[in-house]
Amino acid sequence: LRFMIKVFKVTKSLISQGDFKFFWNVFKRKIYSTEMAFGFKLDLEHGLKARKALIPFTIREFRDNDEVYFRDNKTTGLIEKLKTCYVAVNKEEIPCFRCWLIDSSQNDKLKQFWGNTFPELAKDEMLIENVFTNPKFRGLGIFPAALYQISDLGWKLGANYTISFGEVSNKNTTRSMAYAGFKPYVYREVKWILFKKRVIFSPIPDNLLQVYNETTKGIPK
């Protein structure tokens, strides 16, 4: 019952926004789907590598008036209830990238909103989630460069590791994570069948490690 109430609230929110296509895609995924994802981890003491984009940018906390630049980044409205969201802005103060940097104090909300989708964060871990580059700024190397700066911020806030997840099929994300110094450390499978979700974490299968190695071939270590 509690889950169905949550589904109803999210559905009502999406429909009220008039975003029927996004609502339908979310609805279909919850009827039947399987998502395969790499879990990535960065050792902030030994693996943090500076990466530069083709344009200069700075990192700051998200502001309400930044939302107009991320209309293509559709969400169910849950992640916006977490802190803290950061954006990368160019010299004209135009936001070109955003993500959330989530610490262990928000474990309860992660569990409440997404069940077992994310592992419980240790005190020295931070989760980087909902990474998105403004389409107008893609191809400029902002993704890995911003990941470096966000992870460095996590280090300064006391974390020893940052973790993130990316679908196996998304080669651009995999390559950006590798370039930013992240290593694959776990495999996550999320299955939906008639609105019931099952999440399995396991060692990365050999065939998917091969996919990872082929995808990241030639990327500087």
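The values are calculated or read from the model by the stated rules, or taken from the named source; none is laboratory data. None of these values were measured; they are calculated from a predicted model. Cβ placement follows ideal geometry from the backbone for every residue including glycine, while neighbour counts extend to all protein chains displayed. To get the accessible areas, we keep the full protein, side chains included, count just its heavy atoms, and leave off ligands, DNA and RNA. Shrake-Rupley method; radii C 1.70, N 1.55, O 1.52, S 1.80 Å.
Rounded to whole Å, give me the distance from the Cα center of the stretch 171-188 to that of the stretch 116-151.
Answer, in whole Å: 11.
With springs only between Cα atoms under 10 Å apart, run a GNM on the chain and tell me which of Met126, Met177, Met36 wobbles the most.
Evaluated over the chain, the most mobile residue of the options is Met36.
Which whole number of Å³ per residue matches the convex hull of the alpha-carbon atoms in the chain? Write out the running numbers ahead of the final one.
Values: hull volume 28.6 nm³, N = 221.
Spread over its residues, the Cα hull of the chain gives 129 Å³ apiece.
Would you mind calculating the relative contact order of the chain from Cα pairs under 8 angstrom and at least 6 residues apart, reporting the percent as a whole number?
In percent, rounded to a whole number, it is 30.
Given charges of +1 on the Cβ of Lys and Arg and -1 on the Cβ of Asp and Glu, with all other atoms neutral, how large is the dipole of the chain about its Cα centre, in debye to the nearest 20?
The dipole magnitude comes to about 660 debye.
If I compute solvent accessible area with a 1.4 Å probe over the protein chains, what percent of it on the chain is carbon and sulfur?
53 percent
Given the pairs Lys136/Lys183; Lys109/Lys217; Lys41/Lys74, which span a C-alpha to C-alpha distance of over 32 angstrom in this model? Don't skip to the end; give the middle numbers.
Working: Lys136/Lys183 28 Å; Lys109/Lys217 37 Å; Lys41/Lys74 25 Å.
Listed pairs above 32 Å: Lys109/Lys217.
Could you give the size of the charge dipole of the stretch 64-169 about its Cα centre, using +1 on the Cβ of each K and R and -1 on the Cβ of each D and E, expressed in debye and rounded to the nearest 20?
The dipole magnitude comes to about 120 debye.
Run the numbers on the stretch 116-221 and let me know its relative contact order in percent, using alpha-carbon pairs under 8 Å that are six or more apart.
Computed over the stretch 116-221, the figure is 25 percent.
In Å², what does the accessible area per residue of the chain work out to with a 1.4 Å probe?
The answer is 57 Å² per residue.
Run lengths n ≥ 4 of DSSP H only: what is the helix-derived mean residue ellipticity at 222 nm for the chain, with -39500 (n - 2.57) per run over all residues, to the nearest 500? Each step should come with its number before you reach the end.
Details: 6 runs with 69 residues, N = 221.
The per-residue figure over the chain is -9500 deg cm²/dmol.
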